[in-house]
Amino acid sequence: MLPKGANLQKIRNGNKTYAVTPHLPGGFVKPDVLENYAYVARKYGGTLKLTSAQRIMITGLKAEDIDGVWADLDMQPAMGFANCVRSVKVCPGNAFCKRGKQDSVKLGLELDRRYIKKEMPSRMKLGVSGCPNSCAEAIIKDIGVIGTDEGWDVYVGGSAGSHPRLGDKLITGLDYDDTLRIIDIIVGYYKKNADIERIGQFIDRIGFAKFRGDVLAAFNNPSAATVQTRQNPPAEPERPVTWAAAEGKLVSGEAIAADSVIADIIRVYPQTIPVLRGFGMGCLGCPSATGEALKKAADIHGINVDELVESLNKVTVGGEVQ
Ligand code: SF4
């Protein structure tokens, strides 16, 4: 069982070490909090590591120390579970940077307050940059916002990692309130219509013209129920999804095995998702993770693959072990 609020980091010679990552909205940290980080890391023999999401992780921790670490930190974990809003990266903007065109700190902190840890179809990252230099890497975030002289430009569908994708420019020149409003529409549309897929994958499946048309229709006519749902499917022909919906070896009625690919399992047996999450395998929106065989993923997470296979097969067809 994973210690609460911790991630498994390494397994060396059968010994597991864990990391904790407290939430630091906007990447801001007060001096006394920073001093406490150092105190806690020293007390429990941890190592401090700056993360790409503007946080400070303490890694190299023992399972039995995790509760004490959180009690001493007196902070909240940055992430709730895998498929949620995981981070809002914020540049200094015109509050602190001479090049800033817009107040990215104000907008970023408000987005953090509204969305951080909110459940989504897949993981979601946001980025807010105060000018086109885009130091918060907004163009490779699921939702990215970039300040210009005219206001805020909004991008959707960006991601980095092993399947990088540049965001599509959705709309330009919005003021603060309209930027928040369109992001709310984007999030609602995505939650209502997407499968377990990042926004970029969702856009590639339904087409950007369809996505943009529906979102802007709702934005321009807020009183009308113009955002389409699953009951009102896209008019454009669907493009093949590159991972989860792709054809695999596993077919319905077949037993799940240690060498079954996770994407196949959740495509054929979506009812297994809670089981996978229950074993601590929350990366179900990640193309890399879902492209792995169950055994490899179980090894990475330190899970007994035989127990996992047995539990998964209990919730497949008819609720019986196949
Ligand atoms: S994106 Fe622009 S405003 Fe933000 S830190 Fe970079 S240069 Fe400054």
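A few comments on the model shown:
- The charge dipole of the range 22-166, taken about the Cα centre with unit charges on the Cβ atoms of Lys, Arg (+1) and Asp, Glu (-1), comes to about 280 debye, rounded to the nearest 20.
- By average C-beta atoms within 10 angstrom, highest first, the peptides 196-207, 297-308: 196-207, 297-308
- Among Leu107, Thr172, Thr316 - extreme Cα towards positive end, dipole of the chain, charges at beta-carbon: Leu107
- Taking 12 Å as the straight-line reach from the Cα of Lys106, the aspartates and glutamates in range (excluding those fewer than 8 positions away in the same chain) are Asp177.
- Dividing the helix sum by the residues of the chain, where each DSSP H run of 4 or more adds -39500 (n - 2.57), gives a mean residue ellipticity at 222 nm of -10000 deg cm²/dmol.
- Straight-distance candidates among the lysines for linking to Lys10, with alpha-carbon spacing under 24 Å and chain neighbours fewer than 8 residues away dropped: Lys43, Lys49, Lys62, Lys295, Lys296.
- Inter-probe distance in nm under a simple model that places probes 7 Å from Cα toward Cβ, at Asn36 and Ala209: 5.4
- If only the Cβ of Lys and Arg carry +1 and only the Cβ of Asp and Glu carry -1, the dipole of the chain around its Cα centre is close to 560 debye.
- Across the options Phe208, Ala160, Val85, the greatest Cα extent toward the positive end of the charge dipole of the chain (unit charges at beta carbon of Lys, Arg, Asp, Glu) belongs to Ala160.
Quick note: the coordinates plus some simple rules give every number you see, no bench work behind them. Keep in mind that what you see is a predicted model, and the values were worked out from it rather than measured. A quick note on method: Cβ atoms are made from the backbone with ideal geometry, for glycine too, and the neighbour counts reach across all protein chains shown.
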